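Trainee: Provided herewith is a single structure, encoded as structure tokens, for subsequent inquiry.
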Amino acid sequence: MWKYSILMAIVLATTPSLAQDTAPLVNRVLTAEEQAALTPDEVLRMLREGNQRFVSGTVTSRDHSAQVRHAAEGQFPKAVILSCVDSRVPVEDVFDRGIGDVFVARIAGNFENTDILGSMEFATKVSGAKVVLVMGHKDCGAVKAAIDGAELGNITEMLTNIQPAVDSLSGYDGDKTGSNSEFVQMVTKKNVQLTMADIRERSPILKEMEAKGKIRVVGALYDMKTGKIEFLD
Ligand SMILES: [Zn+2]
């Protein structure tokens, strides 16, 4: 009889219940070995697929409070994402990622500076992330403010970081104001590209890791109307 009980216990423990299909996912964080086995291209594919799930509304249901406890022991995330502070760009959500999955740095206009570069070097060189993703978004208020030369407190100096993208499009024929959405999108894309170039130029660590194929530096644009992310490579 006890043999039967043990057998039943094993069967019950290993048979997926019907409820399991809809139960919230309690992801444990990646282990160092699992993280090391991933390639930058695999991580990019995961991010793309996560965004497809977000767009189609088939996102993974997660038990965050259970995940928090699992994640407390350490972290080996897959990517570091630089995004704008815009409240309409929930970074983990748009990639359908949970706790312990990605590092996120946020600053208005998603440009890099010494602190952001240091954070990216920590995320990759120290913590093993495989992708550095610079993600701009459509209708960015910081980009519009830079285009229009807004001045207010510390915002004035902050916007000088986006100014090179505006200046690089001085040959644009149309209306060069923040109310011209075509021009705003062009500056937004240019700002992502210049930020990627600056990252490579100002961080020898990241540049070398990319040259050796250990990481990829990638750009992307998020569309708030559709939820879609367009990768710029
Ligand atoms: Zn923005």
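The values are calculated or read from the model by the stated rules, or taken from the named source; none is laboratory data. All figures in this text were calculated on a predicted structure; none of them were measured in a lab. So basically every Cβ, Gly included, is an ideal-geometry build from the backbone, and we count neighbours across all protein chains shown. Side chains are part of the model used for accessible areas, which takes the heavy atoms of the whole protein and leaves out ligands, DNA and RNA. Shrake-Rupley method; radii C 1.70, N 1.55, O 1.52, S 1.80 Å.
Trainee: Suppose R0 equals 22 Å; then what is the FRET efficiency for residue 52 and residue 126 from their Cβ-Cβ distance, rounded to the nearest 0.05?
Mentor: With a Förster radius of 22 Å, E is 0.10.
Trainee: On to the next question. Cα to Cα, under 12 Å, and not fewer than 8 places away if on the same chain: which aspartates and glutamates meet these conditions relative to residue 125?
Mentor: Partners within reach: 208, 210.
Trainee: Calculate how many DSSP beta bridges within the range 25-231 are antiparallel, expressed in % of all such bridges and rounded to the nearest 5.
Mentor: Roughly 15 percent of the beta bridges in the range 25-231 run antiparallel, per DSSP.
Trainee: Can you list which of the trypsin sites (Lys or Arg not before Pro) found in the range 176-231 are DSSP loop residues with at most 13 other C-beta atoms within 10 Å?
Mentor: 212, 225
Trainee: Roughly how much of residue 151 is accessible, in Å² to the nearest 10, using a 1.4 Å probe?
Mentor: Accessible area, nearest 10 Å²: 150 Å².
Trainee: Relative to the present Cα-Cα distance, how much length would full extension add between residue 106 and residue 32 at 0.36 nm per residue of separation?
Mentor: Result: 24.1 nm gained on full extension.
Trainee: For labels at residue 208 and residue 39 in the simple 7 Å Cα→Cβ model, what's the distance in nm?
Mentor: 2.4
Trainee: Distance in nm between label sites at residue 59 and residue 93, each 7 Å beyond Cα in the beta-carbon direction?
Mentor: So the label points at residue 59 and residue 93 sit 0.5 nm apart.
Trainee: What are the lysines whose alpha-carbon lies under 16 Å from the alpha-carbon of residue 130, with same-chain residues fewer than 8 places away excluded?
Mentor: 78, 207, 212, 214
Trainee: What number comes out for accessible area per residue over the range 72-201 if the probe is 1.4 Å? Units Å², please.
Mentor: 44
Trainee: With contacts defined as alpha carbon pairs under 8 Å and 6 or more residues apart, what's the relative contact order of the range 25-231 in percent?
Mentor: Value for the range 25-231: 24 percent.
Trainee: Could I ask something else about it? Taking the Cβ of residue 198 as the centre, find all other residues whose Cβ is under 13 Å away and add up their charges (Lys, Arg: +1; Asp, Glu: -1).
Mentor: Net of charged neighbours comes to +2.
Trainee: Shifting gears a bit: Treating cross-link reach as a plain straight distance, find the lysines whose alpha-carbon is under 20 Å from the alpha-carbon of residue 189, omitting any fewer than eight places away in the same chain.
Mentor: Of all the lysines, those that pass the test against residue 189 - Cα under 20 Å, at least 8 places apart if same chain - are 138, 144, 176, 225, 228.
Trainee: Another question about this same structure. Rounded to the nearest percent, how much of the accessible area of the range 25-231 (1.4 Å probe, protein heavy atoms only) is carbon and sulfur?
Mentor: It is 51 percent, rounded to a whole number.
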